[in-house]
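A quick write-up on the structure given underneath.
The values are calculated or read from the model by the stated rules, or taken from the named source; none is laboratory data. Being a predicted model, the structure only gives us computed values, none of them experimental. Glycine gets a Cβ as well: all are built from the backbone with ideal geometry, and neighbour counts include every protein chain shown.
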Amino acid sequence: MSITKFIDYLEKEKKYSPHTITAYSKDLNLFSVFCADEFEEASIDHIDYPLIRSWIVSLVQTGKSNRTINRKISVLRSYYNFLLRVEVRATNPLRKHAPLKETKKVQLPFTENEVSQLLNGDHFSDDYTGVLIKTIIETLYCTGMRRAELIQLQWSAVDLDAGILRVIGKRNKERIIPIIPSLEKQFQHYILAVEEQFPSEESSFFFRSEKGKKLSENFVYKSVNEYFDRVSTKVKKSPHMLRHSFATHLLNQGADLNTVKDLLGHASLAATQVYTHSSMQQIKAVYKNAHPRGDENK
């Protein structure tokens, strides 16, 4: 029962996204099943740390990565903090738990050349689907918005006259993103395609499938992956990599961290600083060229 109340709290008070709520529910229910099967515990509300540690060991034994395990434990920690708040528990069993060490993986963004090759090349068909996919990719790269934000984008949020997008991010926070010229041009092309494809049908969603329906997460992922396969040899070719590329390329061109943070919709600089790792080569080059001792031939 407490899990239901917790999920309700996340949805109505914390305003978490449906995707996050689903992930939280899944992790908590998996832990509940483990407790019932292994220890005959009908509820997870009053269990102690040794039982949680047993779950961690079982996750390790099944091959789960440390990152995945830490995420699951973070969900549990949030749950027990909620139980503290509603006075179901007096202590959080995870108060002294130390996260497992994670191996940091630096994911390389698409290069500016790869993005340019795709968007400026002859890769998209002239029919509605081709225009739609190109607009999706151009939007993700030019705004840095998340896949879920793109799917939920409303017609009313696109103001071409003012040159801005109103994007609803995590926890229903709105941010304003400027529409740069290349994106405005692509939007105009897409809007004409929509009017031709759906002359008498209206939708609140800006992006629509060729059948007029709301886009699926899978369609957006497959579109980005398939088209970047034509210009890039990188293993990971996802919508998030376009968000990564957006941030990295801005930083490479001298944008300050706070501006990038606001454009991405991050709550703190710590989340944005992840992208500075990808800019290190650029930073090194600027440093070497600018410092009086950077070039021994000077």
Failed criterion for residue 138 (all others in (1) at pLDDT below 95; (2) in the same structural domain as residue 225 (by TED's automatic domain parsing) hold): (1)
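What do you reckon, is residue 201 among the acidic types (Asp, Glu), assigned by TED's automatic domain parsing to the domain that holds residue 152, part of a helix (DSSP H, G or I) and more than 16 Å from residue 139 (Cβ to Cβ)? Break it down stepwise before answering.
Details: among the acidic types (Asp, Glu): yes; assigned by TED's automatic domain parsing to the domain that holds residue 152: yes; part of a helix (DSSP H, G or I): no; more than 16 Å from residue 139 (Cβ to Cβ): yes.
For residue 201, the condition - among the acidic types (Asp, Glu), assigned by TED's automatic domain parsing to the domain that holds residue 152, part of a helix (DSSP H, G or I) and more than 16 Å from residue 139 (Cβ to Cβ) - is not met.
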Check on residue 245, assigned to a loop (DSSP other than H, G, I, E, B), of a type in the set (Ser, Thr, Tyr), touching a residue at least 12 places away in the same chain (Cβ under 8 Å) and more than 19 Å from residue 124 (Cα to Cα): no
Some residue of the stretch 130-137 being under 21 Å from residue 231 (Cβ atoms) and surrounded by fewer than 16 Cβ atoms within 10 Å (Cβ to Cβ): yes
Every residue from the stretch 145-182 that is surrounded by 20 or more Cβ atoms within 10 Å (Cβ to Cβ) and more than 20 Å from residue 219 (Cβ to Cβ): 165, 177, 179
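What residue, among those in the stretch 99-122 that are in a loop (DSSP other than H, G, I, E, B) and surrounded by 17 or more Cβ atoms within 10 Å (Cβ to Cβ), is modelled with the lowest pLDDT? Break it down into steps so the answer makes sense when it comes.
Filtering the stretch 99-122 for residues in a loop (DSSP other than H, G, I, E, B) gives 99-111, 121-122.
After this cut, where a residue has to be surrounded by 17 or more Cβ atoms within 10 Å (Cβ to Cβ) as well, the list is 109-110.
Values: 109: 88, 110: 93.
Taking the candidates together, the pick is 109.
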Residue that is of a type outside the set (S, T, N, Q) and in a loop (DSSP other than H, G, I, E, B), where the choices are 64, 26, 5: 64
Every residue from the stretch 31-53 that is surrounded by 12 or more Cβ atoms within 10 Å (Cβ to Cβ), under 31 Å from the mean Cα position of the chain (by Cα) and either within 25 Å of residue 171 (Cα to Cα) or without any contact (Cβ under 8 Å) to a residue 24 or more places away in the chain (or both): 53
Hey, residue 228 closer than 20 Å to residue 142 by Cβ, aromatic (Phe, Trp, Tyr) and without any contact (Cβ under 8 Å) to a residue 60 or more places away in the chain or not: no
Considering residues of the stretch 14-28 that are surrounded by 13 or more Cβ atoms within 10 Å (Cβ to Cβ) and polar (S, T, N, Q) only, the residue farthest from residue 75 (Cα to Cα): 17
Residue satisfying all of: in the stretch 232-258; at pLDDT 90 or above and of a type in the set (D, E, K, R); farthest from residue 114 (Cα to Cα) among these: 243
The stretch 76-98, subset part of a helix (DSSP H, G or I) and not hydroxyl-bearing (Ser, Thr, Tyr), residue surrounded by the fewest Cβ atoms within 10 Å (Cβ to Cβ): 85
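Which residues, taken from the stretch 139-164, are part of a helix (DSSP H, G or I) and under 20 Å from residue 261 (Cα atoms)? Show your work before the answer.
Taking the stretch 139-164 as the starting set, the residues that turn out to be part of a helix (DSSP H, G or I) are 139-143, 147-152, 155-157.
Passing the criteria: 139, 140, 141, 142, 143, 147, 148, 149, 150.
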Which listed residue is of a type outside the set (A, V, I, L, M) and under 30 Å from residue 201 (Cα atoms), from 130, 121: 130
Pairs with Cβ under 6 Å, 6+ apart, first in the stretch 1-25 and more than 17 Å from residue 172 (Cα to Cα), second aliphatic (A, V, I, L, M) and modelled with pLDDT of 85 or more: 3/28; 24/75; 25/7
